[in-house]
Amino acid sequence: MATKKKTVPKKSNTVKLKFDTGWSYAPAPESRSAATINKQYDLFINGEWQKPSSNKYFDTINPANEEKLSEVADANAADVDAAVKAARNAYEKVWKKMPAKERAKYIFRIARMVQEKARELAIIESLDGGKPIRESRDFDVPTAGNHFFYYAGWADKLEYAFPNRTTEPLGVAGQIIPWNFPLLMAAWKIAPAIATGNTVVLKPAETTPLTALKLAEIIQESDLPPGVVNIITGAGATGAAIVNHPDVNKIAFTGSTDVGKIIQRAIAGTNKKATLELGGKAANIIFEDAPIDQAVEGVINGIYFNQGHVCCAGSRLYVQESVAKEVIRKLKDRIESLIVGDPMDKNTDIGAINSRSQLDIIHKYISIGKKEGAEMYESSCRLPGKGFFCRPTLFTNVAQSNRIAQEEIFGPVLAVLTFRTDDEVIEKANNSPYGLSAGVWTDKGSKIFNMTRRMRAGVIWANTFNKFDPSSPFGGYKESGFGREGGLHGLSAYVNVV
Amino acid sequence: MEKTSIKKSSLSISENGLSPRTPSKEKKRSSGRLEVLKTYKIYIGGQFPRTESGRYYIPTNAAGKKLANICLSSRKDFRDAVLAARGAVSGWSGRAAFNRSQILYRMAEMLEGRKAQFIDELIQQDSTKAKAEKEVNLAIDRLIYYAGWCDKFQQLFSSVNPVASSHFNFSVPEPTGVVSIIAPQSDLPAGRQGSLLGLVSVIAPVIAGGNTCVVLASETKPLCAVTFAEVLNSSDLPGGVVNILTGKPSELASWFVEHMDVNATIYCENNSDTQKMMRERSAVNLKRITFYDKINWNTDEGQSPYFIMDTQEIKTTWHPIENIAGAGGGY
């Protein structure tokens, strides 16, 4: 006699959220009025604004609506030479000789002025780069100001920083920064360099020059001796000219791993020192005993903060099998509630992708992911008609060897993989040429310190993500670069320890 | 010819040495306006009360000219100040180190803005214009120096300890709590700078480290201490973090070291009897006692992160590290 199998319906305690209730946020636009953007900017060399020798300028646009914001000078090799000469002159004649505590006071002034002009800088940052105004106002600009303030304090205390050693500055530093945190990266580069007695030639990214130029105005206002900081705009060729200039003692670069390798080859055989802060493919790991809601929020922040344009973005999620279904459900729900829109609207969570070319790269990886057999999910939000926008996306059913799990996408795209045991996830997380950052989500303290000990990454976030502080050293292992920025360890990049 | 019965200041003639405390009849006659004299009070809990005892004393300069009616603080004032200081500890030590550094920097901003007033008071107290300007500049720079240390000394004096067991083990400095300070009392020997620089030099490292304090100003040169309280009051420094009393160490020193709710004491004179008394009486609650009796505040010897560490405790914390697949040890 056949027994009838009784099917007991599985109890589900996941509530299906409805997002189509017709309730929406009212627009909350930040006014542009606090910011002044010039029609045209020249090069900031030797404390003054100098015309580019080619007399060429290029446009910078707002990626949210493709409107032109301003035009900036295109520095060629001759301009780079002028800037390096100004920096060298300022170094030998003024900056190297100035008592350290007086150096410090200039940097304190710059820090305070960044605070005074905070709103203006935040608006320009969002207009020029596409990041939401909430982020530039609450994170980028204050952290940049704090970075100047922190390093100002080190200037006259270097005798304590390296036990049994004295320090001397390196000389002229050539610094090339990316477009994802334009003002913050300028602060991360300039502050420790000049605090330790070096002078600087800095090139902002070609799509985001405006906050660096506004910083140049602040530097001029602070009365910093001419030539100590020079800010010149341009694209790849300008950067190459800086890297190759024979009178630059130190190269500091933040950007893609590919360009980092080009730079390392270019300076081989010279006496130039370098620090490189390159790409990443961070593993964010959720254990079954993690506080799930907080972990989901942390993962969302880890990959969608700043549109995923973050070198340390948590772009790989490893979730323990026993909680995978729940976590993935919650991720998808949370993605639905993210607001993609005008960066100048205070409600916006995800702003514009920085450029057409970056948007193309992201689209390319999304189609690669689909071809590789992973399952794509994206939010159903409407995208603005103009500008460069991308919906927050996640892939499930991702294999460890898939290109979307190995290569840096630099966009709002999350690859979700699963694991069973601690050893397995440690091996998978470390299985990457990168090693910039990692995240660990668990309630168990002893597990945290085991994981942090064994992850091969320069920054590990436990039960949090994307936290930065001027006193906290940041930098990568392996092909994510070498050298640290921030904190006591960040001083080493700019001194000779004797 | 008009007879002037007011003795001109005995200071150098090239200065306008007229003290606000001794209004000149000539001045009144020429401008027709009477100057408002400043009342020098004490600073407790962010407020400016008079001493509860109602007493005063009159310090004079080297030429015997009266400086002002200065509050002669009592034991009760000190106890009230300790209450205020204790109340302020959790707030001040709970602030981000960066926030403390911003506030110390603002103290420098405020002091810079009032340079002329401090120079004038120093001159009244027997300094010269050149020396006074140098002293005020050094005091401002000293505040900036310690502003820079607030969020850095921890990085130098902490450690992660490589213990042999599977533990994450770290040691960090923590502020000791309430510190009673008897500020440098005189300008002699050279460089002791009781009037302003010495005062700033003993206060700054204590609060940079997250402590609060009760300070007894120089008995003979108290003017700058009281005006400095005004600088503190306009610097976003929470009330109670620094409390400034004026009066006599001979009366108050023993209370400074006997109070059970004070964690540490700082004393700056070379008086061996007082030092012995302090070590004996402070034992009642094992206060940490520090003597800065040989420091030349005028030089770099007058500033150091080690002065911050003099009022710090060291806390060590242990946390297990899970052993997975035979991973032994830890950091």
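The values are calculated or read from the model by the stated rules, or taken from the named source; none is laboratory data. Predicted model, so just to flag it, every value in this text is computed and none were measured. Glycine gets a Cβ as well: all are built from the backbone with ideal geometry, and neighbour counts include every protein chain shown.
Conditions (1) out of contact with any Lys or Arg (no Cβ under 9 Å at 6 or more places or on another chain); (2) surrounded by fewer than 24 Cβ atoms within 10 Å (Cβ to Cβ); (3) not in a helix (DSSP H, G or I), marked per residue:
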residue	(1), (2), (3)
B:Ala108	no, no, no
B:Leu111	yes, no, no
B:Glu133	no, yes, no
B:Ala147	no, no, no
B:Asp151	no, no, yes
B:Gln154	yes, yes, no
B:Glu174	no, yes, yes
B:Val179	no, no, yes
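Restricted to segment A:414-445, and to residues there that are under 16 Å from B:Ile321 (Cβ atoms) and crowded, with 18+ Cβ neighbours inside 10 Å, the residue that is nearest to the chain's Cα centre (by Cα) is A:Val440. Of the residues making up segment A:111-165, those that are over 26 Å from A:Ser357 (Cβ atoms) and among the acidic types (Asp, Glu) are A:Glu116, A:Glu120, A:Asp138, A:Asp156, A:Glu159. A count restricted to segment A:20-38 and to residues that are part of a loop (DSSP other than H, G, I, E, B) and under 27 Å from A:Leu338 (Cα atoms) stands at 11. Each residue in segment A:470-498 was checked for being within 14 Å of chain B (Cβ to nearest Cβ) and either in contact with a Phe, Trp or Tyr (Cβ under 8 Å, 6 or more places away or on another chain) or over 21 Å from A:Asp138 (Cβ atoms) (or both), and 11 pass. I want to confirm something. Restricting to segment B:78-98 and keeping residues that are touching a Cys at 6+ places or on another chain (Cβ under 8 Å) and either more than 14 Å from chain A (Cβ to nearest Cβ) or among the small types (Gly, Ala, Ser) (or both), which single residue is farthest from B:Val231 (Cα to Cα)? Selected residue: B:Ala97.
Tell me, yes or no, whether segment A:74-95 has at least one residue that is buried (at least 16 other Cβ atoms within 10 Å of the Cβ) and within 18 Å of A:Glu125 (Cα to Cα). The answer is no; no qualifying residue exists.
The residue that is farthest from the other protein chains (Cβ to nearest Cβ), among those in segment A:143-171 that are without any contact (Cβ under 8 Å) to a residue 60 or more places away in the chain and not in a loop (DSSP other than H, G, I, E, B), is A:Ala144.
For every residue, the table says whether it meets (1) among the basic types (Lys, Arg); (2) within 14 Å of chain B (Cβ to nearest Cβ).
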{"residue": "A:Pro99", "(1), (2)": "no, yes"}
{"residue": "A:Lys105", "(1), (2)": "yes, yes"}
{"residue": "A:Ile110", "(1), (2)": "no, yes"}
{"residue": "A:Glu116", "(1), (2)": "no, yes"}
{"residue": "A:Ala122", "(1), (2)": "no, no"}
{"residue": "A:Ser136", "(1), (2)": "no, no"}
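Scanning segment B:301-331 for residues that are touching a Gly at 6+ places or on another chain (Cβ under 7 Å) and within 14 Å of another protein chain (Cβ to nearest Cβ), we see that the one that is modelled with the highest pLDDT is B:Ile308.
Return the residues of segment A:433-451 that are within 11 Å of chain B (Cβ to nearest Cβ) and either touching a residue at least 12 places away in the same chain (Cβ under 8 Å) or under 22 Å from A:Ser256 (Cα atoms) (or both); say none if nothing qualifies. Within segment A:433-451, A:Thr442, A:Lys444, A:Lys447, A:Ile448, A:Asn450, A:Met451 meet the criteria. Within segment A:332-361, the set of residues being in a helix (DSSP H, G or I) and touching a helix residue (DSSP H, G or I) at 6+ places or on another chain (Cβ under 6 Å) comprises A:Arg334 only. Restricting to segment A:305-327, what's the tally of residues that are assigned to a helix (DSSP H, G or I) and in contact with a strand residue (DSSP E or B) (Cβ under 6 Å, 6 or more places away or on another chain)? Residues flagged as assigned to a helix (DSSP H, G or I) and in contact with a strand residue (DSSP E or B) (Cβ under 6 Å, 6 or more places away or on another chain) within segment A:305-327 amount to 4. State which residue is nearest to the other protein chains (Cβ to nearest Cβ) when the search covers only segment B:281-300 and only residues that are exposed (fewer than 12 other Cβ atoms within 10 Å of the Cβ) and modelled with pLDDT of 95 or more. Only one residue tops the list, namely B:Leu286. Taking segment B:195-248 as the range and being closer than 21 Å to B:Glu301 by Cβ and part of a helix (DSSP H, G or I) as the test, the residues that pass are B:Leu197, B:Gly198, B:Leu199, B:Val200, B:Ser201, B:Val202, B:Ile203, B:Ala204, B:Pro205, B:Val206, B:Ile207, B:Ala208. Residues that are within 12 Å of chain A (Cβ to nearest Cβ) and among the acidic types (Asp, Glu) were ranked within segment B:99-153; the one that is nearest to B:Leu237 (Cα to Cα) is B:Glu109. Does any residue of segment B:87-106 turn out to be part of a loop (DSSP other than H, G, I, E, B) and surrounded by fewer than 24 Cβ atoms within 10 Å (Cβ to Cβ)? Yes.
Restricting A:Arg391, A:Arg356, A:Arg454 to those that are in contact (Cβ under 8 Å) with a residue 12 or more places away in the chain, within 14 Å of another protein chain (Cβ to nearest Cβ) and surrounded by fewer than 20 Cβ atoms within 10 Å (Cβ to Cβ) reduces the list to A:Arg454.
With (1) assigned by TED's automatic domain parsing to the domain that holds A:Asn180; (2) surrounded by 16 or more Cβ atoms within 10 Å (Cβ to Cβ) as the list, and A:Phe58 as the residue in question, which single condition is left unmet? So A:Phe58 meets the others, but not (2). If you check A:Asn55, A:Asn76, A:Asn46, A:Asn89 for being farther than 29 Å from A:Gly197 by Cα and either in contact with a Lys or Arg (Cβ under 9 Å, 6 or more places away or on another chain) or not basic (Lys, Arg) (or both), only one passes: A:Asn55.
If you go through segment A:92-109 and keep only what is under 29 Å from the mean Cα position of the chain (by Cα) and touching a residue at least 60 places away in the same chain (Cβ under 8 Å), you end up with A:Arg103, A:Ala104, A:Tyr106, A:Ile107, A:Arg109. Residues in segment B:156-170 that are outside any helix (DSSP H, G or I) and more than 8 Å from chain A (Cβ to nearest Cβ): B:Ser158, B:Ser159, B:Val160, B:Asn161, B:Pro162, B:Val163, B:Ala164, B:Ser165, B:Ser166, B:His167, B:Asn169, B:Phe170. The residues in segment A:371-389 that are within 30 Å of A:Ser401 (Cβ to Cβ) and in contact with a strand residue (DSSP E or B) (Cβ under 8 Å, 6 or more places away or on another chain) can be counted, and the count is 6. Surrounded by 21 or more Cβ atoms within 10 Å (Cβ to Cβ) and not assigned by TED's automatic domain parsing to the domain that holds A:Leu202 - does that describe any residue in segment A:247-258? No, every residue in segment A:247-258 fails to be surrounded by 21 or more Cβ atoms within 10 Å (Cβ to Cβ) and not assigned by TED's automatic domain parsing to the domain that holds A:Leu202.
Per-residue answers, yes or no, for (1) assigned to a loop (DSSP other than H, G, I, E, B); (2) within 14 Å of chain B (Cβ to nearest Cβ); (3) out of contact with any strand residue (DSSP E or B) (no Cβ under 7 Å at 6 or more places or on another chain):
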position: A:Ala173; (1), (2), (3): no, no, no
position: A:Asn180; (1), (2), (3): yes, no, yes
position: A:Leu183; (1), (2), (3): no, no, yes
position: A:Ile190; (1), (2), (3): no, no, no
position: A:Gly197; (1), (2), (3): yes, no, no
position: A:Val200; (1), (2), (3): no, no, no
position: A:Thr207; (1), (2), (3): yes, no, no
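A single member of A:Ile123, A:Ile133, A:Ile107 is out of contact with any Asp or Glu (no Cβ under 6 Å at 6 or more places or on another chain) and either under 30 Å from A:Tyr304 (Cβ atoms) or surrounded by fewer than 20 Cβ atoms within 10 Å (Cβ to Cβ) (or both), and it is A:Ile123.
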